[in-house]
Amino acid sequence: MARGFNKVVIMGNLARDPEIRYTASKQAVAKLTVAVGRQYKGKSGEVVDQTDFIPVVVWGSDAENCERYLRKGRPVLVEGRLQVRSYETKEGEKRYVTEVVAQGVVFLGGRRDDEAAPAPVSRANGQMASLRDEKAFEEFPMDISEVESGEDDADIPF
């Protein structure tokens, strides 16, 4: 059997506060719901906004950090794998759940005053900006056509 590839990257806002529980072996597991918006053109040419609510499972210390620092509405980037599992209800019906099992969660956006200072964010032009600098995110997501190309690329050592 050929080896497969299962990688998911989503970026959106939390639809609700994280729910954390602990397994019998005292391992933390948090459930998140990430709201990811998208647009497409409908049959008559109108722009339609749609939001997908994606369930995410986070394990271990990452789960505890999510519970500690994340709240509804907070922007996050989740990297992980897609998982489909099944279970039986009390009535004996078989149910299937599709979810993202997180391998990493990046907390995006500004910080609250009671949180630690944010890490700097690299802008497209190479300057550094604080996460509190709203102008740093005006260009995000950036259109690749806006990236300047030129002789400066020759200085890159790789």
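The values are calculated or read from the model by the stated rules, or taken from the named source; none is laboratory data. These numbers were taken from a predicted model, which means no experiment stands behind them. A quick note on method: Cβ atoms are made from the backbone with ideal geometry, for glycine too, and the neighbour counts reach across all protein chains shown.
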Qualifying residue in the stretch 41-62 (condition: charged (D, E, K, R), modelled with pLDDT of 90 or more and within 23 Å of residue 27 (Cβ to Cβ)): yes
Within the stretch 1-77, strands (runs of 3 or more DSSP E) holding 2 or more residues that are under 12 Å from the mean Cα position of the chain (by Cα) and surrounded by 10 or more Cβ atoms within 10 Å (Cβ to Cβ): 8-14, 28-41, 47-59
In the stretch 52-64, the residues that are farther than 17 Å from residue 33 by Cβ and either not hydroxyl-bearing (Ser, Thr, Tyr) or not assigned by TED's automatic domain parsing to the domain that holds residue 12 (or both): 60, 64
Filter result (surrounded by 11 or more Cβ atoms within 10 Å (Cβ to Cβ) and among the basic types (Lys, Arg)) within the stretch 78-97: 81, 85
